[in-house]
């Protein structure tokens, strides 16, 4: 802690320790942070120790038609800010235009941030006026080999570029999170990038392939979360056994060319079943071992999540006898922005659920379903709800009845029974009959057995 | 019998504050005392530095007792400190800073978070001259130093 003697006894703020000043600045925009360097000698160098920088040249772009030199000066200022920063820089975001790619400035910034500052999280976005409408990148990102290969760099996001070759990603075992948004390249380049990033846990691809006949191959074995929005692609092959969540924004390939080797993520509903109109997320809910964070769930709950959109659809697999899994389901649905087109809730089968419960935490019986609060929240709505693998258990009945009575489902609830013996079939039919007799939150709600 | 922690304020208006476990465990510097090996019936006295007077400690304990730190109940503080449309007066500014420093000393992360966010909100959107005027910061940069900082154009960057 650094304490500074300040003669002006009314200047309470300047006498705060550097730790507290940095804590305050961490809650401010980069513009506000850098402005404090003009306040006084005490403040002049505090900003240089902030852990996060966001440098946005879009604000200056509008003035360049009148004052062309201003933009060049701004780019030089970005360089100065990066060089003058002397603390531990964890995260940096830069919005720039195509000129910085062409004149080598972007390459210099990347080299400084990755190899000199040892940054953890890097976001780069090229904004080029008038080019975004067709999602085609208009500037080629041509970087030296291994530009993103450094042990400290774990998270990388690139937006609006054309990738000519994959060699900037050579030996990128350091990357755990990778987002490629508005990127165009040959499919072979994308495949090579993914092969080089062997440690990926989170992958978001919003990409366009140059030719329409390529197969995108995703073989990353540590992958937990995958988002795909790909155009001009013939097929996708996903072989990631640890995958908990796959979200499809838009895919130009047909369902038969989408191959996913993950039995946990096979549901009755999917992106093609809903007509390819709505983004679709498939989520296998599971509870990690004590102390281990659920990476996929953290991404889902993150405010900047690409896959959560209004009128989207989702399939989710859950064990209703596991309190933690139920809570995860509640959280995910409760934060969904706006109404959902369709939700499929696949109940884990009794045998599978019992086996998982034995090895997971939170397998105690819970009084969750005795609660009368709206599930997942008073605001959540879905037009259609599928209840798959329905066995008529108390928990399944409680969930269904709460959704019916509290108006969570607006149009239709479709119940797909589990494959059971004739004795169980009567029990299921009786449960469905009781559900149909409940008072409905939406008068025109239909409840049907599939 | 539960353990008792006493916060002893020796500065202006000396006062002792007896904390029950539910309140004391919110202090990072104290909570470990409840897991240590000592006679359950004894009291532990923690001396608070003179710079933190009993009024400030009392305000912090008020915060703890209302469980604002559990529910992030900003409404409680908003009326006094965080109202977005109102600038704090000199007394409130001094109090905010004192609570921030005391919270940091006592290891109350939630209150450090709340007070630093509050201060960041007050600085937001203000140019350096206004900040200097409101917060009595003495501008001691030379004209040359100030011109150099402005000439970099760094004030125009950032988001």
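A compact table of results
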read-out: Rough spin-label spacing in nm, given labels placed 7 Å along Cα→Cβ, for residue A:379 and residue A:118; value: 4.2
read-out: Label point distance in nm, residue A:277-residue A:73, each placed 7 Å from Cα along Cα→Cβ; value: 5.3
read-out: Highest-MSF residue in chain A out of A:107, A:437, A:90 [GNM, Cα springs under 10 Å]; value: A:437
read-out: Residue order, fewest to most beta carbons within 10 Å, for B:45, A:195; value: B:45, A:195
read-out: Cut-off 18 Å, label 7 Å out along Cα→Cβ of residue A:334, residues of region A:376-402 by amide N; value: A:376-382, A:399-400, A:402
read-out: Peptide B:112-124 - average C-beta neighbours from other chains (10 Å radius); value: 5
read-out: Residue exposure sequence - A:380, A:450, B:27, B:17 - by fewest surrounding Cβ within 10 Å; value: A:450, B:17, A:380, B:27
read-out: Residue order, fewest to most beta carbons within 10 Å, for A:384, B:130; value: B:130, A:384
read-out: Cβ-derived FRET efficiency at R0 45 Å, residue A:433 paired with residue A:212, nearest 0.05; value: 0.35
read-out: Cα gyration tensor category, rounded, prolate or oblate, for region A:166-253 with a/c compared to 1.5; value: oblate
read-out: Cβ neighbours within 10 Å from other chains - mean over A:69-77; value: 2
read-out: Anisotropy class of region A:111-241 from Cα gyration tensor, a/c 1.5 cut; value: oblate
read-out: Extension reserve of the residue A:90-residue A:108 stretch, reckoned as 0.36 nm per residue once the Cα distance is removed; value: 4.7 nm
read-out: Euclidean distance of C-alpha centroids, region A:86-127 and region A:399-450, integer Å; value: 54
read-out: Fully extended contour minus Cα-Cα distance, from residue B:94 to residue B:29, at 0.36 nm per residue; value: 21.0 nm
read-out: Sites residue B:43 and residue A:83, calculated FRET efficiency, Cβ-Cβ separation with R0 45 Å, nearest 0.05; value: 0.20
read-out: Estimated inter-spin distance, residue A:157 and residue A:45, nm [label 7 Å along Cα→Cβ]; value: 3.2
read-out: Cα-based Rg and Dmax for chain A, where Dmax is the largest Cα-Cα distance (Å); value: 25.9, 87
read-out: Cβ neighbours within 10 Å from other chains - mean over A:19-26; value: 5
read-out: Three-way shape label, region A:411-450, alpha-carbon gyration tensor, a/c 1.5; value: oblate
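Each reported figure results from applying straightforward, stated rules to the coordinates on display, with no laboratory input. As the structure is a computational prediction, the values presented were derived from the model and not from experiment. Reconstructed Cβ throughout: ideal geometry from the backbone, glycine too, with neighbour counts over all protein chains shown.
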